[in-house]
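Inspection log for the structure reproduced underneath, given as structure tokens.
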Amino acid sequence: MMVYFIVFGDTTAQLIGSFNGHKLGETWYSSRWFYVLLLGTGLAPVIVKKELAELKWLSILLFACVGIFIVTNFWELVIDPKFEPVDTPT
């Protein structure tokens, strides 16, 4: 994706700069960073929305992992016959 940003920034900066007779990077409107910043700003809401949609299944997976952890610890502490608590000196 970064390659697309660079290619878009260079192409647009050269195109806009050629209208005014500037070379690449001479002014702010003929610089790559300006058009990469514009493209990134425009794509930011789309990327954030995609990331938030992925959080739903991730939270379900996390909840399931915590549940498995609790069940496993309960099994070891209460049901497992091989588990013997260690007496700690007080």
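No value in this document is a laboratory result; all are computed from the given coordinates. Just so it is clear, the structure is predicted and the values come from calculations on it, not from any experiment. Heads up, the Cβs are rebuilt from the backbone with ideal geometry, glycines too, and the neighbour counts pull from every protein chain shown.
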Report the equivalent ellipsoid semi-axes for the stretch 2-79 in whole Å, largest first, defined as the square roots of five times the eigenvalues of the gyration tensor built from alpha carbon atoms. 53, 11, 7
Which GluC sites (Glu not before Pro) in the stretch 20-90 sit in a loop by DSSP (not H, G, I, E or B) and have at most 13 other Cβ atoms within 10 Å of their own Cβ? GLU26
Under the 7 Å Cα-to-Cβ spin-label approximation, ILE6 and PHE19 lie apart by a distance in nanometres of 2.6
Of the chain, which part is the longest with no trypsin sites (Lys or Arg not before Pro) in a loop (DSSP not H, G, I, E, B) and with at most 11 other C-beta atoms within 10 angstrom? 24-81
Per GNM of the chain with C-alpha springs under 10 angstrom, the most fluctuating residue out of PHE74, PHE34, PHE63 is PHE74
Candidates VAL48, VAL66, VAL36: whichever shows maximal mean-square fluctuation once the chain is modelled as a Gaussian network with Cα springs under 10 Å: VAL66
Shape verdict for the stretch 34-82, please, from the Cα gyration tensor: rounded (a/c under 1.5), prolate (a/b greater than b/c) or oblate. prolate
